[in-house]
Amino acid sequence: MRAQSVVSAAGTGALMLAASAAAEQVVFKPTSLNAPFIEQFTESIPDSRWTISRATKQTPVGDETFSYVGQWAIEEPEVYPGVPGDRGLVLKTKAAHHAISTLFPEPLDPKGKPLVVQYEVKLQKGLECGGAYIKLLTEDESGEGLRAGEDYTDKTPFTIMFGPDKCGSTNKVHFIFRHQNPITGEWEEKHLKNPPAPKITKTTALYTLIVNPDQTFEILINDESARKGSLLEDFTPAVNPPKEIDDPEDFKPESWVDLAEIDDPDATKPDDWDEDAPLMITDTDATKPADWLENEPDTIPDPEAEKPDEWDDEEDGDWVPPHVPNPKCEEAAGCGPWSQPKIKNPNYKGKWSVPKIANPAYKGPWAPAQIPNPAFFEDLHPSDFTKIAGIGIELWTMTEDILFDNILIGHDVDQAKAFAKETFHVKKPIEKEAEGSNEDDDEIEEPSTLVDKIRLKVYEFIHLCGFDVAQAIKQMPEVAAGLAAAAFTLIGMLLALFGFIGSAPTKVKQTTTTVKKAPAPAPALAPAATAETKAVAPVAPAGEEERQALEDAGVEVPALKKRTTRSANQ
């Protein structure tokens, strides 16, 4: 932790003792508040109302099928524990698909009422790439309740998706709601523009969404306002389509002139315009300063430099000390040969170009005619969301031990604040003392190696594909191209391996060369060669393998003397 690095060991110990003392004084007690839905995870999963999904999921890229094998548990936090006995729902498995859900006893109808969604997230090991958001599941039109439980997947329709998400450049608090087109009946996701950044800390963070019947909304993080806006103005695509659209049959006439300026046909280059005049000329009025040292060099040998003891003049040559700036020049106006400086030429005009004048035929920018939008509709109350059947948490993440706690779904803002006061605001100071910090700074760990950066880019691309494949390719075209190239390469390697492509292997005829000993010379010229006599190779081989082969064949290879050169600065 950044704060721990500046706290002494004794200070940290004192803070830990204070946190322990505070924790001993506070014991978890379930809330007495009554809202449409409150979850504090007081029971183990088999005894609770939550059901772990056993379904399969098809990825948007590659059409691979995965099962929801990620493990869930209800347990107390292991990192910076807060209130003793306070348990939460913990995502336990790294790099796995997780899905769990619960249905309300009765569907919740937000029509004409405020809607409050509030819950806590504790990122015990940070968040490298993944989400920690929740989904409010849509009630089925038949009234039989939405498909959930063991069949819950990422395709299960939701009314609202809300919560933090981080992967690579993605670092936002999602607010997405699904809206039905009253003309076509199709559903479309509306994404909040410019969403706030989440709190990526190992202490508990509180996320609250408030949607009002007047179509305004507010997102609070740790009970502080982080974003306000309107459902009708701050989402993309917009809830209501435009009343008019471009006429698809309208085209710009060939005679339309949209060039605002043209060259002046009457303009001519002035007679005194000299295009060859240089930009800079010599300042003839300049004179050499009186303290200019014309006979002094700019640099001199370093008087403090000494020849290294290991320097060998025969091998390394004459030693020359390195040069340093001449101290005399620093005190004077300058050193070396003096010449008059350059100044900007007052007569410089550069190349002459024809001046522009307003185009008398200009008609302005062309735009197609507007016609009534046949798909237009107007919904002035998008806050009248569809009925909510329950809550689902469906995530893929590279970081485990994400804890969810104290979920509240209701209509009363004051009640949500009261719930936060007896839960979040009690545990937060205890966690902060255990952490050794009173600050609320984000902990964003950036990838350190190139491999980690590439891996995170791939994770980010896959993560974005989970929301919109086309948008992911548009935002990260280089990753999409790289993955496509890697896939084609892998397919090509497999085809070549099994002989589906490429020619048959060519057999290479191997020849063995025998190195013969040099014949013994005549007795009159030299002593007769014995069996142990070795011939000397006229040229040294280039590599160690060739040298060894010749020596094994009985040829003596002379050793080459390796010469090293050294510079004066060594």
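Some observations on this one:
- Boolean, V69 is more than 19 Å from E39 (Cβ to Cβ) and of a type in the set (V, I, T): yes
- Long-range neighbours under 7 Å by Cβ, at least six apart or interchain, first residue farther than 14 Å from D405 by Cβ and open to solvent by 50 Å² or more (accessible area, probe 1.4 Å) within segment 80-108, second of a type in the set (D, E, K, R) and outside any strand (DSSP E or B): K92/E400; K92/D401; K94/E400; P107/E139; P107/K387
- Failed condition for P195, given (1) assigned to a loop (DSSP other than H, G, I, E, B); (2) of a type outside the set (G, A, S); (3) open to solvent by less than 10 Å² (accessible area, probe 1.4 Å): (3)
- Among the residues of segment 328-354, those identified as surrounded by 10 or more Cβ atoms within 10 Å (Cβ to Cβ) and not in a loop (DSSP other than H, G, I, E, B) are K328, C329, C335, K342, I343, K344.
- Residue tally, condition part of a loop (DSSP other than H, G, I, E, B), of a type outside the set (S, T, N, Q) and touching a residue at least 24 places away in the same chain (Cβ under 8 Å), over segment 161-192: 3
- Matching residues, segment 212-235, being in contact with a Pro (Cβ under 7 Å, 6 or more places away or on another chain), of a type outside the set (D, E, K, R), open to solvent by 40 Å² or more (accessible area, probe 1.4 Å) and assigned to a strand (DSSP E or B): A226
- Only one of the numbered conditions (1) farther than 30 Å from P374 by Cα; (2) out of contact with any Lys or Arg (no Cβ under 7 Å at 6 or more places or on another chain) is violated by N222, and that is (2).
- Of all the listed residues (H323, H381), the sole one being surrounded by fewer than 16 Cβ atoms within 10 Å (Cβ to Cβ), touching a residue at least 24 places away in the same chain (Cβ under 8 Å), over 30 Å from T156 (Cβ atoms) and of a type outside the set (K, R) is H323.
- The residue that is surrounded by the fewest Cβ atoms within 10 Å (Cβ to Cβ), counting only those in segment 265-316 that are polar (S, T, N, Q) and under 30 Å from P346 (Cβ atoms), is T284.
- Of the residues making up segment 385-410, those that are closer than 22 Å to D140 by Cβ and part of a loop (DSSP other than H, G, I, E, B) are F385, T386, K387.
The values are calculated or read from the model by the stated rules, or taken from the named source; none is laboratory data. On a predicted model such as this, the values are computed, not experimentally measured, just so you know. Glycine also receives a Cβ, built like all others from the backbone with ideal geometry; neighbour counts cover every protein chain displayed. Keep in mind that these areas ignore ligands, DNA and RNA; they rest on the heavy atoms of the full protein, side chains included. Shrake-Rupley method; radii C 1.70, N 1.55, O 1.52, S 1.80 Å.
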